[in-house]
Amino acid sequence: MNAPALGLASRLQCLRQIERKLLWLSAWTVHNANNIRPNRDGLKVGGHQASCASVVSIMTALYFDRLRPGDRVAVKPHASPVFHAANYLLGRQTREKMEGLRSMGGAQAYPSRVKDGDEVDFSTGSVGLGVAATSFSALIQDFVALRGLMPEGVPTGRHIAIAGDAELDEGNIYEALLEGWKHDVRNVWWIVDYNRQSLDSVVQDRLFGRFEGLFGDMGWNVVRIKHGRLQEAAFARPGGEALRAWIDDCPNSLYAALTFQGGHAWRTALLADLGRNAELRAIVDPLTDDELGALMTNLGGHDIEAVLDALTAAEADDRPTCFIAYTIKGMGLPFAGHKDNHSGLMTRDQMDAFRTQMQVRPGHEWDRFEGLDVSPELLQGFIDSCSFAEKLTPDGRVLHPPAIALPAAVPLPKLAGRKLSTQSGFGEILGEIGRPEGPWRDVASRIVTTSPDVTVSTSLGPWVNRRGLFDRHTRNDVFRDTKVASVQRWGMSPSGQHIELGIAEQNLFLLLGAAGLSHALNGARLLPIGTVYDPFVNRGLDALIYACYQDARFLLVSTPSGISLAPEGGQHQSVNTPLVGMSVDRLASYEPTHVDELAVLLRFAFAHMQAPDGSAVWLRLSTRALLQPQRVLDESAVIAGAHWAVAPAAGAPIALAYQGPIAEEAIAAFNTLREDVPGAGLLAVTSPDRLYAGWLAAQRSRRDGVPAMSHIEQLLAPLAPGAALVTVLDGHPAAHAWLGGVRGQRVVPLGVDRFGQSGDIPDLYRTYGLDESAILDACAQALLG
Ligand SMILES: Cc1ncc(C[n+]2csc(CCOP(=O)(O)OP(=O)(O)O)c2C)c(N)n1
Ligand SMILES: [Mg+2]
């Protein structure tokens, strides 16, 4: 349904009007925010008029011609105003939000799923991540489609990134490319806005050649959109090939500088090299300076026809395709090509001149069809007839499938009298959930697991043996077929439920981010679980934060953790991850100590991942086996972040709090402590993150005049006002140090604040001050004040 009533010429005419309007609106939106809107704090509001101008033609061709409702797009961060302007023309963005660009409640500086609302498919801002995200969302679309989870009526589509060329400097791009190749990813387009400028400078010459080589090696189709129709026509004339060669050989910096200087400078430079070429002069001499400037800057990425042709040709198959669209940063604006234009803003005078050029009357800056050369009716009719103007579903672009119902409890292995680690407990429980029959069957069908080459060593093995590996193609397990003994059954098929990744941790989080948005993007709810070694969460941290910023819903299981991993040495012993868990928004972070707590938290995670006001969940686990207690848990307390393993007497002068595998030493110390202080309490902390969040929320509520009492306030209330708290975890002690602020109690926080090293647990706990005697010393110190 592509503007059926209009012929090509009228279609192009309409697209050119829209292109012009997007250029105007994007520049004006930034100008308005910086120069027209009142500014209360004197800070520069900012915006990127040049980055927008660079990509206007590409976005016009996409949004108003080639995009289908089922396509999903990541727009380069600095083109946010163009994106909002396109939506404004499509009737999906309000003038109020446009006027409020970069102000609270207005359109966001960079497209944001959560803050901008339903039209944004992928948030962008941390460059490179949005681009790579499209590859993983295409993989997830395949996963849900091949497993028959896509709801009827929801179309599949292409996953498209409009990328700045400097985004390809980010290493995560190449990690994603390699992973995409392994999984034979399809239906991905990356359109590179090849303006050969980044923030600081002009890029190296012939960079496109590197891109082409890299993408080609990864099995991508690479399409150069280099020249516009004007240039092609000139090249076709006698002498034209000399002009083409001159442009091809022109260094990027010189090309950019000449673009900025304009027609006269182009003529001087051209004639200095080719002035004796009579055929070339026949092309160049008749042109005015402006005409010559227009010819020399007529690059493919600014020529709607060239862009349309390239995109349309690529639709012939579903191969991943990289388009290298040659563009000029700031095209059509006074600072076009200037190397300092990244954050450059047009002055008021420049804007006035631009307004006149765009035929926009003062006071009509926001009128959709002001100053255009076609009638509003024709243009509106054209816009209405664009495929992308059709709704994806009656609900819009964000889909809301119902939650998957959960049985009352996860299948718990026998615990009584057993020594078990949380990691083994996790593997056993997930293996049970994966049984083909039983109450968890429907939930299990929605689980997708993934791990960056640590599937077996994070105890996902039993689950994978049950559910198989996912691959678009069926591939047998050769070891099994040839009867080589192995515990792992690793057959791959389109019905498998584990996506095995290479080691790159950023890819893990990009995949979890994509799978965690499948409900919203595909209408197919998934329960993604990713496992990784705890210290290497840091290796993918930006992508983890990115996933959370998009409100992706997944369960992260990081294991093993801390110095309890004793012999493995410092690089494998995580220290800071509990603090990371506390500080990342939309991520509920836990460290269960015993497997009964883990079981409660696993079920909670499946619910929280699906709740409208829920979030992603993180479980930090350990390989240290602990004796499992027999007890009845207060499940809501476990979920809220802590429960009394031994409740304190009223007015008790001290409590000991533990988190994670250090519990054994803490419990031993506690038993000694109680001989002297019979009323002492023993607090099992499952989440400093949830405790702290709950405390902050209660404070906010009270500030607003609404009475509230947080879980940690209730827990600590029985203790004497000046009581001492000794806290201990296998991680940074700052995770607990704040507890003293809750009721003004004294805290002696124990933990690890230096890099770990190889050793056994007695040596390491002693060295880092976590063994029983160190805990008792801390108690004595705390009691003495
Ligand atoms: C991870 C990250 N590092 C740095 C930045 C700061 N930054 C913003 S834009 C930019 C250069 C972008 O250049 P390019 O991708 O070529 O975009 P364009 O030329 O279209 O503006 C940089 C370094 C960022 N947003 N994200
Ligand atoms: Mg650039």
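The values are calculated or read from the model by the stated rules, or taken from the named source; none is laboratory data. Note that this is a predicted model, so its numbers are computed, not measured. Cβ placement follows ideal geometry from the backbone for every residue including glycine, while neighbour counts extend to all protein chains displayed.
Just to be sure I understand the filter: pairs with C-beta atoms under 6 Å, separated by 6 or more residues or on different chains, first member in segment 12-36 and under 17 Å from F335 (Cβ atoms) and touching a residue at least 40 places away in the same chain (Cβ under 8 Å), second member of a type in the set (V, I, T) and not in a helix (DSSP H, G or I). Which pairs pass?
N34/V45
Would you confirm whether any residue within segment 211-219 is aliphatic (A, V, I, L, M), within 14 Å of ligand 2 (Cβ to nearest atom) and surrounded by 14 or more Cβ atoms within 10 Å (Cβ to Cβ)?
no
Going residue by residue through segment 129-150, is there one that turns out to be within 16 Å of ligand 2 (Cβ to nearest atom) and at pLDDT 95 or above?
Checking segment 129-150: at least one residue is within 16 Å of ligand 2 (Cβ to nearest atom) and at pLDDT 95 or above.
Quick check on this structure: which one of A611, A607 is of a type in the set (A, V, I, L, M, F, W, C), on the phi < 0 side of the Ramachandran plot, assigned to a helix (DSSP H, G or I) and out of contact with any helix residue (DSSP H, G or I) (no Cβ under 7 Å at 6 or more places or on another chain)?
The unique qualifying residue is A607.
Out of all the residues in segment 3-45, which are touching a Ser or Thr at 6+ places or on another chain (Cβ under 6 Å) and surrounded by fewer than 18 Cβ atoms within 10 Å (Cβ to Cβ)?
none
Of the residues G756, G740, G681, which is touching a residue at least 60 places away in the same chain (Cβ under 8 Å), on the phi < 0 side of the Ramachandran plot, surrounded by 14 or more Cβ atoms within 10 Å (Cβ to Cβ) and more than 30 Å from the chain's Cα centre (by Cα)?
Result of the check over G756, G740, G681: G756.
Report the residue count in segment 493-523 for those that are of a type in the set (A, V, I, L, M, F, W, C), in contact with a Phe, Trp or Tyr (Cβ under 8 Å, 6 or more places away or on another chain) and part of a helix (DSSP H, G or I).
Total meeting the criteria: 6.
Return yes when D352 is farther than 30 Å from L8 by Cα and among the acidic types (D, E) and no when it is not.
Judged against the criteria, D352 is a match.
Condition test on D200, is it under 29 Å from L168 (Cα atoms), free of Cβ contacts under 8 Å to residues at least 12 places away in the same chain and of a type in the set (D, E)?
No, not satisfied.
Looking for something closer than 19 Å to V56 by Cβ and within 16 Å of ligand 2 (Cβ to nearest atom) - is there at least one such residue anywhere in segment 98-118?
Yes, there is a match, as at least one residue in segment 98-118 is closer than 19 Å to V56 by Cβ and within 16 Å of ligand 2 (Cβ to nearest atom).
Looking at segment 52-72, is at least one residue without any contact (Cβ under 8 Å) to a residue 24 or more places away in the chain and either away from ligand 2 (no atom under 16 Å from the Cβ) or surrounded by 22 or more Cβ atoms within 10 Å (Cβ to Cβ) (or both)?
No; the residues of segment 52-72 include none that is without any contact (Cβ under 8 Å) to a residue 24 or more places away in the chain and either away from ligand 2 (no atom under 16 Å from the Cβ) or surrounded by 22 or more Cβ atoms within 10 Å (Cβ to Cβ) (or both).
Closer than 20 Å to E19 by Cβ and surrounded by fewer than 21 Cβ atoms within 10 Å (Cβ to Cβ): does that describe D285?
When the stated conditions are applied, D285 does not pass them.
Tally up the residues in segment 203-241 that are within 22 Å of S135 (Cβ to Cβ), away from ligand 1 (no atom under 16 Å from the Cβ) and either part of a loop (DSSP other than H, G, I, E, B) or touching a residue at least 24 places away in the same chain (Cβ under 8 Å) (or both), please.
10
Any residue at all in segment 627-640 that is small (G, A, S) and free of Cβ contacts under 8 Å to residues at least 24 places away in the same chain?
Checking segment 627-640: at least one residue is small (G, A, S) and free of Cβ contacts under 8 Å to residues at least 24 places away in the same chain.
In this structure, is D116 of a type in the set (D, E), away from ligand 1 (no atom under 15 Å from the Cβ) and touching a strand residue (DSSP E or B) at 6+ places or on another chain (Cβ under 6 Å)?
no
Select, from L725, L715, the only residue that is closer than 26 Å to E772 by Cα and in contact with a Lys or Arg (Cβ under 9 Å, 6 or more places away or on another chain).
After ruling out the rest, the residue left standing is L725.
Using the structure shown, decide if Y255 is in a helix (DSSP H, G or I), within 25 Å of the chain's Cα centre (by Cα) and within 16 Å of ligand 1 (Cβ to nearest atom).
no
Please work out if E591 is buried (at least 24 other Cβ atoms within 10 Å of the Cβ) and charged (D, E, K, R).
Answer is yes for this residue.
Looking at segment 178-202, which of the residues that are more than 12 Å from ligand 1 (Cβ to nearest atom) and among the β-branched types (V, I, T) is nearest to the chain's Cα centre (by Cα)?
So the residue we want is V188.
Of all residues being crowded, with 17+ Cβ neighbours inside 10 Å and not hydrophobic (A, V, I, L, M, F, W, C) in segment 177-191, which is nearest to ligand 2 (Cβ to nearest atom)? Just the residue, please.
Looking at the filtered set, the residue picked out is G180.
Select, from A684, A669, A655, the only residue that is in contact with an Asp or Glu (Cβ under 6 Å, 6 or more places away or on another chain) and within 30 Å of A566 (Cα to Cα).
A669
Could you list all residues from segment 91-142 that are in a loop (DSSP other than H, G, I, E, B) and either among the acidic types (D, E) or within 25 Å of K182 (Cβ to Cβ) (or both)?
If the condition is that a residue be in a loop (DSSP other than H, G, I, E, B) and either among the acidic types (D, E) or within 25 Å of K182 (Cβ to Cβ) (or both), then D118, E119, D121, F122, T124, S126, V127, G128 are the ones that fit.
Residues to consider are Y255, Y194; find the one that is surrounded by 15 or more Cβ atoms within 10 Å (Cβ to Cβ), touching an Asp or Glu at 6+ places or on another chain (Cβ under 7 Å) and not hydrophobic (A, V, I, L, M, F, W, C).
Y194
I'd like the residue in segment 472-517 that is farther than 16 Å from L146 by Cα and basic (K, R) and, out of all such residues, is nearest to the chain's Cα centre (by Cα).
The selected residue is R489.
So which of A161, A145 ends up being aliphatic (A, V, I, L, M), more than 30 Å from A336 (Cα to Cα) and away from ligand 1 (no atom under 11 Å from the Cβ)?
A145
Has segment 149-159 got any residue that is buried (at least 18 other Cβ atoms within 10 Å of the Cβ), within 19 Å of the chain's Cα centre (by Cα) and either touching a residue at least 12 places away in the same chain (Cβ under 8 Å) or at negative phi (or both)?
Within segment 149-159, one or more residues are buried (at least 18 other Cβ atoms within 10 Å of the Cβ), within 19 Å of the chain's Cα centre (by Cα) and either touching a residue at least 12 places away in the same chain (Cβ under 8 Å) or at negative phi (or both).
For segment 313-362, enumerate the residues that are away from ligand 1 (no atom under 12 Å from the Cβ) and basic (K, R).
Passing the criteria: R319, R348, R355, R361.
Restricting attention to segment 114-170, which residues are touching a Lys or Arg at 6+ places or on another chain (Cβ under 6 Å), closer than 22 Å to P394 by Cα and of a type in the set (A, V, I, L, M)?
Result: V120, single match.
Suppose the filter is surrounded by fewer than 24 Cβ atoms within 10 Å (Cβ to Cβ), in contact with a strand residue (DSSP E or B) (Cβ under 6 Å, 6 or more places away or on another chain) and touching a residue at least 24 places away in the same chain (Cβ under 8 Å); does H572 pass it?
no
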